[in-house]
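The values are calculated or read from the model by the stated rules, or taken from the named source; none is laboratory data. Given the structure is predicted, the values throughout are model-derived calculations rather than measurements. FYI the Cβ positions are ideal-geometry reconstructions off the backbone, even for glycines, and counts take in every protein chain you see.
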Amino acid sequence: MHVVIMGCGRVGSTLSHSLELHGHSVAVIDREPESFRRLGHDFHGQQVTGIGFDRDTLMEAGIKEAAAFAAVSSGDNSNIIGARVARETFNVENVIARIYDPKRAEVYQRLGIPTVATVRWTADRILRRIEPDGPAGEWRDPSGKVAMVEAPYHPGWLGRRVSELEEATGTRAVCVARLGDGRLPGPSTVLQEGDQLYLMLASERSGEVYDRLRAAPTTAAH
């Protein structure tokens with residue numbers, strides 16, 4: 001498929017090469033011609049100098065044939081305008097915008113533009129390094145209010161139903177990975193040695209949930 005990328009910074013250039021390696025055609029837009037140096041000599045796609053939300057610039061980049069559009073420039077406003085133009089003017093269905101401000105990301109998500117809030121994502125990645133034994137954030141909604149985490153738990157939970165753990169922590173179990181095989185937990189699913197547990201929870205309760213998980217169960221098994 002053809003993909004148009006707005007912004008040739010580190011993210012844009014890396015994404016461009018990755019897409020080419022997967023066999024896609026790529027057009028990269030940036031207002032600064034020197035930014036294309038990041039692409040190197042082995043990049044075979046288009047390099048279009050211009051503003052990423054300008055109609056003529058997008059036309060030159062092949063937006064009419066594009067199956068996807070990624071706005072990853074350094075400006076939140078430019079990214080969301082570019083994404084909206086691609087979606088609303090050229091009917092590109094698969095669009096995504098990188099947003100630094102997580103509060104803005106929530107607003108734009110409501111407009112139907114999928115976003116990646118990089119500040120929140122980066123903070124989550126750093127937290128995983130600082131606190132490797134804590135809940136590891138795998139996904140967070142654009143508002144930052146709901147998260148999916150890989151949750152370590154006390155050995156005392158082994159042999160108990162996942163539903164008991166849900167009730168005790170006020171979370172929702174979405175996946176149990178067992179011997180490399182992911183599965184959706186049901187009412188009778190019992191935690192076994194080596195199981196990796198993934199939970200959905202309210203982000204503001206993550207510390208409370210973590211404390212509850214690393215403590216032994218306080219009730220007898222059902």
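Given the structure, is Ile81 within 18 Å of Met6 (Cβ to Cβ), touching a helix residue (DSSP H, G or I) at 6+ places or on another chain (Cβ under 6 Å) and at pLDDT below 95? Criteria not met by Ile81. Would you be able to say whether some residue in region 88-102 is within 25 Å of Val146 (Cα to Cα) and free of Cβ contacts under 8 Å to residues at least 12 places away in the same chain? Within region 88-102, not a single residue is within 25 Å of Val146 (Cα to Cα) and free of Cβ contacts under 8 Å to residues at least 12 places away in the same chain. Against the criterion of being free of Cβ contacts under 8 Å to residues at least 60 places away in the same chain, within 21 Å of Met1 (Cα to Cα), surrounded by 15 or more Cβ atoms within 10 Å (Cβ to Cβ) and out of contact with any helix residue (DSSP H, G or I) (no Cβ under 9 Å at 6 or more places or on another chain), Ala61 qualifies. In this structure, Ser16 qualifies as outside the structural domain of Ala147 (by TED's automatic domain parsing), farther than 30 Å from Ser203 by Cα and within 25 Å of the chain's Cα centre (by Cα). In the condition set (1) surrounded by fewer than 17 Cβ atoms within 10 Å (Cβ to Cβ); (2) on the phi < 0 side of the Ramachandran plot, Gly40 is compliant with all but (2).
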